[in-house]
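Worksheet: one structure, shown below.
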Amino acid sequence: MRGSKSCPDGCKTPKLPSLGPCFELRWGDGKKDRIETEDIECLCIKACNPHRGVTLKDVRITLSVILGPDNRLPEDLPDGTPSVDLKPASFISFGDLGPCRGEEKACSSRELALITRGAREGKYRLFVGVCYEVSFEQFSIGQFQFELVKS
């Protein structure tokens, strides 16, 4: 059987630029609002798609670990209660984030509560795992060759 094909043999690993969401974490009612060692603070986490022509589908994060001063886990209180706690403490879904429109990013926000009880002073870091799918439309032209011979 003869034929023509436009597919390469085997599979290729795509060489794409890094396509992913960006995040912003905010809290407080003003620039001088601070998170105290005894506090219940409403945090707003915003996920945005900074890409044109690309949809980020099913964007979700897992709040994984909080590290406090000296890169250690926050200590529990004597009764076993966490001194630093987040609610919800697991998955947060942002849904699909469409492509940029003009200079406007597509964003979605979620709220969570940060509860501190007798926490140590110092700098803390919140680590999150991020999962999403990348979807984009592309147009290309393929061609097939064949030969006509005289009947």
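Here are the numbers for this structure:
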{"quantity": "Scan of the range 1-38 for residues that are basic (Lys, Arg) and either at pLDDT below 70 or under 30 Å from Ala119 (Cα atoms) (or both), ordered by number", "calculated": "Arg2, Lys5, Arg26, Lys31, Lys32, Arg34"}
{"quantity": "The range 108-151, subset under 20 Å from Ser18 (Cα atoms) and acidic (Asp, Glu), residue nearest to the chain's Cα centre (by Cα)", "calculated": "Glu133"}
{"quantity": "Residue under evaluation Leu67, criteria (1) out of contact with any Phe, Trp or Tyr (no Cβ under 9 Å at 6 or more places or on another chain); (2) surrounded by 13 or more Cβ atoms within 10 Å (Cβ to Cβ); (3) under 19 Å from Gly129 (Cβ atoms), criterion not met", "calculated": "(1)"}
{"quantity": "For Gln138: the one exception among (1) assigned to a strand (DSSP E or B); (2) under 27 Å from Thr55 (Cβ atoms)", "calculated": "(1)"}
{"quantity": "Within the range 1-107, strands (runs of 3 or more DSSP E) holding 3 or more residues that are within 30 Å of Ser140 (Cα to Cα), touching a residue at least 40 places away in the same chain (Cβ under 8 Å) and in contact with a Leu (Cβ under 7 Å, 6 or more places away or on another chain)", "calculated": "54-67"}
{"quantity": "Condition check for Leu112: touching a residue at least 12 places away in the same chain (Cβ under 8 Å), in contact with a strand residue (DSSP E or B) (Cβ under 8 Å, 6 or more places away or on another chain) and either assigned to a loop (DSSP other than H, G, I, E, B) or surrounded by 10 or more Cβ atoms within 10 Å (Cβ to Cβ) (or both)", "calculated": "yes"}
{"quantity": "Residue count, the range 115-130 (criterion: of a type outside the set (A, V, I, L, M), surrounded by 12 or more Cβ atoms within 10 Å (Cβ to Cβ) and out of contact with any helix residue (DSSP H, G or I) (no Cβ under 9 Å at 6 or more places or on another chain))", "calculated": "3"}
{"quantity": "Residues of the range 129-151 that turn out to be over 30 Å from Ile66 (Cα atoms) and either in contact (Cβ under 8 Å) with a residue 60 or more places away in the chain or not polar (S, T, N, Q) (or both), as a count", "calculated": "14"}
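This table checks each residue for (1) in contact with a Ser or Thr (Cβ under 7 Å, 6 or more places away or on another chain); (2) aliphatic (A, V, I, L, M); (3) under 30 Å from Phe146 (Cβ atoms).
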site: Gly20; (1), (2), (3): no, no, no
site: Trp27; (1), (2), (3): no, no, no
site: Asp70; (1), (2), (3): no, no, no
site: Gly80; (1), (2), (3): no, no, no
site: Ser83; (1), (2), (3): yes, no, no
site: Ile92; (1), (2), (3): no, yes, no
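Residue-wise test of (1) charged (D, E, K, R); (2) in contact with a Phe, Trp or Tyr (Cβ under 6 Å, 6 or more places away or on another chain).
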| position | (1), (2) |
| --- | --- |
| Ile35 | no, no |
| Cys48 | no, no |
| Thr62 | no, yes |
| Asp85 | yes, no |
| Cys100 | no, no |
| Glu104 | yes, no |
| Leu112 | no, no |
| Thr116 | no, no |
| Lys150 | yes, no |
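The values are calculated or read from the model by the stated rules, or taken from the named source; none is laboratory data. Given the structure is predicted, the values throughout are model-derived calculations rather than measurements. Ideal geometry is used to build each Cβ from the backbone, glycine not excepted, and the neighbour counts take in all protein chains shown.
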